[in-house]
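For reference, the structure discussed in these notes is given below.
Throughout, read-outs are computed from the coordinates displayed, never taken from laboratory work. Bear in mind the structure is a predicted one, so any value in this text is a computation, not a measurement. FYI the Cβ positions are ideal-geometry reconstructions off the backbone, even for glycines, and counts take in every protein chain you see.
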Amino acid sequence: MNWMKTFSLLVVSFLVFACSDDPTPDVTTLHGKWEIREYQSGWDIDWVETYHFEPNGSFQHSLIAKEPGSDVELGYTTYRYGNFHIQNQALQLTDLVLFISLSDIQEGWYSPKEELVKTDFGVNTQSINFTLQNNNTELVLEECPTFECEEITYKVFLRVQ
């Protein structure tokens with residue numbers, strides 16, 4: 001009879017832990033390349049925003065202008081890298097290094113990656129709330145377009161690698 005109580009307790013424990021929602025995904029679910037591609041008719045280009053999360057805890061983030069519907073790069077507006085981890089359902093980006101294009105709007109706001117300029121923007125960490133959806137094929141980042149966070153926007157990145 002004692003083994004029956006032990007077995008029942010194990011089954012109940014398994015069901016509780018197996019069915020509970022863990023609000024913090026495993027960091028390995030982020031590993032790989034995530035992308036948003038948006039066509040900009042005014043400039044006849046695709047803006048491609050990419051995050052690449054590496055197993056060693058580093059990441060790269062870029063915003064690249066590409067020829068519409070292709071992978072031909074026209075130039076970068078920003079490129080940054082650093083380290084990442086997950087804490088309290090948020091993506092923590094640390095040790096950030098940022099490079100920006102100094103091209104003006106007449107030149108398309110983008111330039112070759114080797115011409116980007118390293119800048120000190122005074123912030124070396126960033127916290128971004130996120131969720132993974134559709135069997136971990138979509139990464140949804142919650143962004144604050146202004147410092148006051150008057151309106152929160154959501155960007156949906158698709159896993160491409």
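Miscellaneous remarks
- Structural descriptor for the stretch 26-91: relative contact order 25 percent, calculated from alpha carbon pairs under 8 angstrom and at least 6 residues apart.
- Close amide H pairs (under 5 Å, H built 1.01 Å from N) link Trp109 with Asp104, residues at least 5 positions away or on another chain.
- Shown in residue order for the stretch 86-95 are the 3J(HN,Hα) couplings computed by the Karplus curve 6.51 cos²θ - 1.76 cosθ + 1.60 at θ = phi - 60°: 10, 8, 6, 6, 10, 7, 9, 9, 10, 6 Hz (x for Gly and Pro).
- Paramagnetic reach from His31 (point 7 Å along Cα→Cβ, amide N under 19 Å) across the stretch 46-60: 51-60
- Taking amide H as placed 1.01 Å from N in the peptide plane, the amide H of Gly75 sits under 5 Å from that of Ala65, each at least 5 places away or on another chain.
- Cα-projected label distance for Gln126 with Ile152, points at 7 Å along beta-carbon direction, nm: 1.7 nm
- Protection-proxy order for peptides 77-87, 119-129, each taking the mean of Cβ atoms within 10 Å per residue, highest first: 77-87, 119-129
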